[in-house]
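Engineer: Starting off with a structure, shown below.
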Amino acid sequence: LVGSEMCIRDRYKNGNQAISSGSTQAVTGWAVSNGLNSMFSSANNRIIAPVGGTYIVGGMIQFSQAGGVHISILKNNAAVGNDSYLDFGANGSAGAATYSMVIPMSTNDWVSVSVYNTVSSNVNGNRSKLWLVKVS
């Protein structure tokens with residue numbers, strides 16, 4: 001796809017975010033890296049599809065402390081299919097989780113990311129990303 005059909009939205013985590021052990025939390029505090037500000041809701045921490053189509057959506061989260069880390073990509077605040085979580089059983093001083101999926105979306109559908117860690121940690125700023133690319 002080229003020209004007006006290509007739609008890219010890319011966000012990075014602006015600052016660290018504390019994550020409590022054993023609880024699912026929405027990742028907040030995203031800043032625009034690439035794309036249009038109008039397609040991002042900073043108040044709701046989501047990227048909004050400007051037109052209907054098929055999108056590749058992805059997220060990468062870096063944790064300051066890794067236990068069992070999980071990342072979830074949500075469409076309109078719900079799981080995509082039967083499960084939107086991808087789990088990583090890492091243990092150590094730091095860890096990362098990345099996940100991408102193809103999602104059919106209508107105009108104004110939106111995506112967000114949630115995380116879960118079995119230990120208290122931070123989601124590291126600048127190294128955590130969320131993106132959406134229209135492919136058809």
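Engineer: Which FRET efficiency value, to the nearest 0.05, is calculated for Thr24 and Ser136 with the Förster distance at 30 angstrom and r the Cβ-Cβ distance?
Structural biologist: After rounding to 0.05, the efficiency reads 0.45.
Engineer: Please give, to one decimal in nm, the separation of the simple spin-label points placed at Ala31 and Asn126, each 7 Å out from Cα toward the Cβ.
Structural biologist: Between Ala31 and Asn126, the label points sit 0.9 nm apart.
Engineer: I've got another one for you. Taking a point 7 angstrom from the Cα of Thr118 along the C-beta vector, which residues in region 39-83 have backbone N less than 13 Å away?
Structural biologist: 66-70
Computed from the coordinates by the stated procedures, all read-outs in this text should not be read as laboratory data. Predicted model only: the values in this text are computed from it and were never measured. Heads up, the Cβs are rebuilt from the backbone with ideal geometry, glycines too, and the neighbour counts pull from every protein chain shown.
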